[in-house]
Amino acid sequence: NLDFTALACTCMHPNTQTTQMDQRQLLLNAISLNSNFSAVYAGLGFVTAADETVQLHDGRVLDKRQLLAEAIHCDPDYFLPYQYLCTILGEDVVQLRDGRELDRKQLCVEVIRCDADNLNSYGILGCLLAAGETVQLHDGRVLDERQLYVEAVHAFDCCSRAYNSLAVALPVGETVRLQDGRALGKKQLHLEAIRCEPKDGEAYVILGGMLGAGETVQLFDGRVLDNKQLLVEAIRYESDSFYAYIRLGDALATSETVKLHDGRVMDKRQLYVEAIRCDPEWGGAYYDLGDEVTCLEEQVPLHDGRALDKRQLFVEAIRHDPDLAVAYRSLAELLDDDEDEKVQLPDGRELGWGLLQWEALRCDPDCGEAYCELAWGLSEDAGVKVRLPDGRVLDCAQMFVEAIRCRPDYSEAFLGLAKVLTDAKTVQLHDGRVLDKKQLYVEAIRCDKSKSATRSLVALALTLSPDETATLADGRTLNSRQLLQEAVEGAAPPSGPFSNSFDHVPFIKRHGEQRALHRAIAVNDVRAFAIQVLRRRLEPGERLDLSDGTVVEREMAGSGSDDEASSARKRPRRTKQQQQQHRYELRPRRGRTDGS
């Protein structure tokens, strides 16, 4: 009168008050009484570890997979052994007693054949399919990933995981029609997941990541939450949710804080530290934390007792994610102008500025910033070429063109390409346009929104003769004086350790305006340079009152003009801290051979 199914289920239940050895012996005794009962083999396979074997009463020695295969042999229509095999199988296959070799997808199909309402199998099968792939079920239906998730929702209407999986598979802007007739988009599906399970942290995390700044969503309980509040809710229900801390940190401004449900008040850096606590192996969290550190010598304490500075955080990011392009680029920005300075990576290599940019391109062949930085490094010696990780050999101009291909709105790349292009030449971009030097500067002005295009306006002005004009992307036609005036009026106040430290007039007279511009850019003093150049274009005695209150005038000839009276001030020697802290917005670097 032994109930074999009840025995197997009792042994497999997580709250069973017996040892694994007791469970195994009970099931072995049951097999000795009835060697053809599938559930008992399934139960024995469940309690047997992956690296263990079991000897049956008939002398056979079987491992975990073989026990589950034996369960299928006893009852080919029992879903449970198929499901267990699916969970323990990797990329290989399992051979059944009938000779069939099944992979995970085929095992899921067998589970659905045996139990058409099995929610887990529809979901697992959906996860296993690649984009655009389909699978045929035993009833003849051919389903793709999205349709499998719809079936999972239909099999169990109130399962948050099914709604979340369906939402993740759905492209932004599209809707999916469920079997009850409702057509839902991504946000609505995640809201359904929260309705099914109000403490489902995953749904709050994903939904919070979807909302933009200022955007809100109303939950089924009537609450209206923005993206930050959703992420705070996610942390409330899953205090070790790595993604919740990361996304909440990303959503905060630099000086902003947020209060969690446990009373803690945290800023961006503290949230990234919490993310590292949750997952110390994820390189992106170290990079995000390093990006928030402003003082190079400051050390940030982590939960494991380590205290890392900015450079060490970027190196740690590379340790855990050797293909994180932005970490290599950020390390390169921390290096001194001296091309001999290097940083040691976790694999022992010591790389300088150029090779770090080269590594960024190895990780991301479409990293426009790395192309642009390498090109600027070669801009003083345009004949030098660099062999890239993909085997291509490019010169300075070609790398600027690649940077524009990757980022068509990249002002720095247009500005650099114009610098290395001679006045009479043109260059063809990947989109087919053929541009000359002036047109490249016009494109740089069009793209340079955040910095009021000061550098590009001045550079374009220097290419124009007194009678020449240039038409900007907004349709305005300006001459050299007007371009310089706009550059001065729109320039941000100078900042940084070198701004306003130079008298540009003697350098202009010795080396010309073009070279003097690159010097002004390097010392963060473009506005003062533009004023001097604008003064040179005024008539003797002429005066300009600019909209920002600046007065630009040129004294009468013979009265000791500013141009003649100015003398060069000695460039102050930079400390090591200044060398590392200052980041050139435009690097007039010497030619480099790193990576070539």
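The values are calculated or read from the model by the stated rules, or taken from the named source; none is laboratory data. Predicted model only: the values in this text are computed from it and were never measured. Please note: Cβ atoms are built from the backbone with ideal geometry, for glycine as well, and neighbour counts cover all protein chains shown. Just the protein is used for accessible areas: all its heavy atoms, side chains included, with ligands, DNA and RNA removed. Shrake-Rupley method; radii C 1.70, N 1.55, O 1.52, S 1.80 Å.
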State which residue is modelled with the lowest pLDDT when the search covers only segment 446-489 and only residues that are surrounded by 16 or more Cβ atoms within 10 Å (Cβ to Cβ) and of a type in the set (K, R). R455
Give the residues of segment 68-88 that are free of Cβ contacts under 8 Å to residues at least 24 places away in the same chain and hydrophobic (A, V, I, L, M, F, W, C), sorted by residue number. L85
May I ask you to list the residues in segment 283-301 that are assigned to a loop (DSSP other than H, G, I, E, B) and surrounded by fewer than 18 Cβ atoms within 10 Å (Cβ to Cβ)? T294, C295, L296, E297, E298, Q299
Tell me, which strands (runs of 3 or more DSSP E) wholly within segment 47-161 include 2 or more residues that are out of contact with any Leu (no Cβ under 9 Å at 6 or more places or on another chain) and under 22 Å from L28 (Cβ atoms)? 61-63
Selected residue (only one of A203, A183, A253 is surrounded by 12 or more Cβ atoms within 10 Å (Cβ to Cβ) and aliphatic (A, V, I, L, M)): A203
Take D240 and decide whether it is in a loop (DSSP other than H, G, I, E, B) and either under 28 Å from G290 (Cβ atoms) or at pLDDT 95 or above (or both). yes
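Only one of F220, F156 is of a type in the set (F, W, Y), modelled with pLDDT under 90, surrounded by fewer than 19 Cβ atoms within 10 Å (Cβ to Cβ) and over 28 Å from the mean Cα position of the chain (by Cα). Can you tell me which?
Working: F220 fails: modelled with pLDDT under 90.
F156 is the lone residue from the list that is of a type in the set (F, W, Y), modelled with pLDDT under 90, surrounded by fewer than 19 Cβ atoms within 10 Å (Cβ to Cβ) and over 28 Å from the mean Cα position of the chain (by Cα).
In segment 223-239, what count of residues is obtained for those that are in contact (Cβ under 8 Å) with a residue 24 or more places away in the chain and surrounded by fewer than 21 Cβ atoms within 10 Å (Cβ to Cβ)? If you could, list the steps in order and put the result at the bottom.
Step one: filter segment 223-239 for residues in contact (Cβ under 8 Å) with a residue 24 or more places away in the chain, giving 227-228, 230-238.
Remaining after also requiring surrounded by fewer than 21 Cβ atoms within 10 Å (Cβ to Cβ): 228, 232, 236-238.
Summing the residues that are in contact (Cβ under 8 Å) with a residue 24 or more places away in the chain and surrounded by fewer than 21 Cβ atoms within 10 Å (Cβ to Cβ) in segment 223-239 gives 5.
I'm trying to understand the selection: among the residues of segment 378-417, which are among the acidic types (D, E) and either more than 26 Å from the chain's Cα centre (by Cα) or farther than 17 Å from C363 by Cα (or both)?
Of segment 378-417, the ones among the acidic types (D, E) are 380-381, 390, 395, 402, 409, 412.
Within segment 378-417, E380, D381, D395, D409, E412 qualify.
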Taking segment 105-121 on its own, how many of its residues are under 16 Å from E145 (Cα atoms), open to solvent by 40 Å² or more (accessible area, probe 1.4 Å) and touching a helix residue (DSSP H, G or I) at 6+ places or on another chain (Cβ under 6 Å)? 1
